[in-house]
Amino acid sequence: MEIEKIGVIGAGQMGNGIAHVMALAGYDVLLTDVSQDALDAAIALIDRNLTRQVSRDKISQTDKDATMARIKTTLTLTDLGASDLIIEAATERETVKQAIFEDLQPHLQPHTILTSNTSSISITRLASRTDRPEKFMGFHFMNPVPVMQLVELIRGIATDEETFKACKTVVDNLGKTAASAEDFPAFIVNRILMPMINEAVYTLYEGVGNVRSIDESMKLGANHPMGPLELADFIGLDTCLAIMNVLHDGLADTKYRPCPLLTKYVEAGWLGRKTDRGFYDYRGETPIPSR
Ligand SMILES: NC(=O)c1ccc[n+]([C@@H]2O[C@H](COP(=O)([O-])OP(=O)(O)OC[C@H]3O[C@@H](n4cnc5c(N)ncnc54)[C@H](O)[C@@H]3O)[C@@H](O)[C@H]2O)c1
């Protein structure tokens, strides 16, 4: 099946990046959000990010202009009904996502493929609430979307081969690499990454190391480009905690219990870079450990 028109739902951190890479690859993109401010901010950010790519000679000015021209926005979700492929990247709440798919359903074309960028919600469960579980799958980008090479493609229990192949072709056209994952809590990347971050927080909690020694150890000792606590701040500590809870609940294994210190940071509103404080304090010129 030929995919030309792509609908993106949610113009936040992930949605704007998805619109950016899709339009750059030549797809017509219709981006929607419940907030006009979010749409305006997304377009401004895509413009800035493309300008940076032009200044680094990654793309030409003509590429940038053509990319911007391929992105349209709307506040009306049902305008996305004409899309060949829809990527939902709205807030990580199951009720929000279910309502979106329910509202869209009567307006879709029979061939439209529905996907979700969810980090943790069951694809099979989301799919089962639609009229097309065989045309539903997980399309999980990494953050920041224009930079990160991987896309996890997650089949729900009913996803058919044609749907998988159509999504895989889109990932290939983006110049990215697809990893196929089965629909179990947190899929592949977060299933492995989050317990490591959680263990780093336990290492801090138990006083085995401090913030700096833990991050330095993993950078110099395991060749990681960022330390686990620095990375947790980048992802958002609330997101890390939410994913640990999904692993703990979904796999019913105590090895996934979230570290109480992670919970405490989230309760304090120390969520990482987005709130200027997490394991590090970002309010000064250079980040320093917050405690
Ligand atoms: N942030 C990450 O690192 C990351 C990585 C991979 C996947 N994800 C997933 O991507 C999705 C979006 O995450 P994000 O970080 O971009 O969140 P975000 O909070 O930055 O953006 C979410 C956007 O969705 C919009 N929204 C809420 N309800 C909506 C509705 N009913 N219709 C349309 N838009 C609606 C909000 O206004 C907001 O602009 C989540 O499912 C998340 O799990 C996030």
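Tabulated data for the structure shown
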quantity	calculated
At 1.306 mPa s and 10 °C, Stokes D of region 1-142 from Kirkwood alpha-carbon radius, µm² per second	104 µm²/s
Region 67-208 pair-distance distribution - Cα-Cα, 10 Å bins, rounded %	11, 38, 34, 12, 5, 1
Accessible area per residue in Å² at 1.4 Å probe, computed on region 191-289	53 Å²
Candidates GLU267, GLU182, GLU88, ranked by Gaussian network fluctuation over the chain, Cα under 10 Å, top entry	GLU267
Solvent-accessible heavy-atom area per residue, rounded to whole Å², over region 5-181 at 1.4 Å	42 Å²
For region 113-177 and region 3-39, distance of Cα centres in Å	15 Å
Sites matching GluC sites (Glu not before Pro) across region 190-244 that sit in DSSP coil, with at most 15 neighbouring C-beta atoms within 10 Å	GLU206
FRET efficiency for ALA222 and LEU45, using Cβ-Cβ distance with R0 set to 30 Å, rounded to 0.05	0.40
Nearest-10 value in Å² for the accessible area of ARG56, using the 1.4 Å probe	150 Å²
Within the accessible area of region 5-181 (1.4 Å probe), percent carbon and sulfur	52 percent
On Cα atoms only, tilt of 94-104 relative to the major axis of the chain in degrees	10 degrees
Gain upon complete extension [ILE288, GLU161; 0.36 nm per residue less C-alpha separation]	40.8 nm
Relative compactness, the chain, computed as alpha-carbon Rg over 2.2 N^0.38 Å	1.03
Region 191-289, Cα convex hull volume normalised per residue, Å³	93 Å³
Region 199-241, accessible surface, carbon-and-sulfur percent (1.4 angstrom probe)	54 percent
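The values are calculated or read from the model by the stated rules, or taken from the named source; none is laboratory data. Keep in mind the model is a prediction, meaning the values are calculated, not measured. Glycine also receives a Cβ, built like all others from the backbone with ideal geometry; neighbour counts cover every protein chain displayed. Side chains included, ligands, DNA and RNA excluded: accessible areas come from the protein's heavy atoms. Shrake-Rupley method; radii C 1.70, N 1.55, O 1.52, S 1.80 Å.
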